[in-house]
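Here's the structure we're looking at; comments come further down.
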Amino acid sequence: MQREKSFFREEDYYMDFTEVNNLIEEVENTLEETKKFDKEDDLLVGVDLGTAYIVLVVLDKDKKPIACEMEFAQVLKDGLVVDYIGACEIVNKLKDKLEKRLNIELNKAAIAVPPGTEEGDCETHKYVVESSGLEVTTILDEPTAANAVLNIDNGVIVDIGGGTTGLSIIRDGKVIHTVDEATGGTHLSLVISGSYKVTFEEAEKLKKDKKRQGEIFNIVRPVIEKIGSIVRRNISNYDVENIYLVGGTCCLEGIENVIEKETKIPTHKPLNPFLVTPLGIAMNCEA
Ligand code: ATP
């Protein structure tokens, strides 16, 4: 899909994601392949409890990816744990799988929550992860986790996940404003499910099928336009020159064009926006 660039100069698009893309690719590879590490070292673990996926990323002490496991799960809604037992079971299972692959016990983890999560709900996230025997060393917010990978000084990080779209305005490397609104990939799947008269699970599969994404894109375009309007409305009082997309829904090819058209702001995304936040969470684990 061609970018619709008419209102920008070429240099507005310059954003070097090479390092980020290489790092994310390394994490992707560790879904299948376990990397070598020194068993004497403490490993860093990040647990991302999402509305659509639970992801565990393991890094070595130098923050190099070692192993990663994930599972589709519907145990959270809008960032809140709605099926506590189910969430604990999945985290336990993923941790067990990692420990078998690594042949070592994992002890510590960092977790992240959507911006503005109440203290009680943060505690629930923590209890879920602690139920697996991991000590939670750090609780951070999701945009801060994403920016540990992207290293943006100024702009807005837009995290389009399963249940929500989160915006974090970054100035001089610090998050100065955050918003989370309830539209995300789940809504895209609901529209696909209605259009094709298939179950939600089948719609999820269709949405991720690269061969079908061209045809599906037109069906979900209005939802993406709505997400674009959410971004435009929430940044209107800030001087934002660049938009950076993360979150699983941003894997859709061409989503950046629609967001850019709605906001009229140069919009960038790394090759795999899905793993940015889980990696950033692990990078914040204290050994
Ligand atoms: P939230 O941030 O709302 O709590 P989450 O953390 O589970 O949810 P992510 O894991 O970032 O969110 O993204 C999950 C969403 O991304 C789901 O709706 C999923 O269907 C969608 N998704 C994942 N991979 C793809 C893909 N290749 N193409 C399109 N959508 C995808």
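Applying the criterion of being small (G, A, S) and touching a residue at least 40 places away in the same chain (Cβ under 8 Å) to the residues of the stretch 230-287, the residue that is farthest from G46 (Cα to Cα) is G254. Being within 14 Å of the ligand (Cβ to nearest atom), surrounded by fewer than 20 Cβ atoms within 10 Å (Cβ to Cβ) and modelled with pLDDT of 95 or more holds for only one residue in E89, E99, E28, E32, and it is E28.
Taken over the stretch 226-257, the criterion of being under 17 Å from V20 (Cα atoms) and either assigned to a helix (DSSP H, G or I) or within 12 Å of the ligand (Cβ to nearest atom) (or both) is satisfied by L245, V246, G247, G248, C250, C251. All of (1) over 24 Å from E71 (Cβ atoms); (2) within 13 Å of the ligand (Cβ to nearest atom); (3) exposed (fewer than 14 other Cβ atoms within 10 Å of the Cβ) hold for K264 with one exception: (2). All conditions in (1) modelled with pLDDT under 95; (2) out of contact with any strand residue (DSSP E or B) (no Cβ under 9 Å at 6 or more places or on another chain); (3) within 16 Å of the ligand (Cβ to nearest atom) hold for D78, with the sole exception of (2). Of the numbered criteria (1) within 12 Å of the ligand (Cβ to nearest atom); (2) surrounded by 18 or more Cβ atoms within 10 Å (Cβ to Cβ); (3) under 30 Å from E262 (Cβ atoms), the one L23 fails is (1). Looking at the stretch 112-204, the strands (runs of 3 or more DSSP E) lying wholly inside it that each contain 2 or more residues that are surrounded by 22 or more Cβ atoms within 10 Å (Cβ to Cβ) and either within 12 Å of the ligand (Cβ to nearest atom) or free of Cβ contacts under 8 Å to residues at least 12 places away in the same chain (or both) sit at 155-160, 165-171.
The values are calculated or read from the model by the stated rules, or taken from the named source; none is laboratory data. Since the model is a prediction, treat every value here as computed from it, not as a measurement. Reconstructed Cβ throughout: ideal geometry from the backbone, glycine too, with neighbour counts over all protein chains shown.
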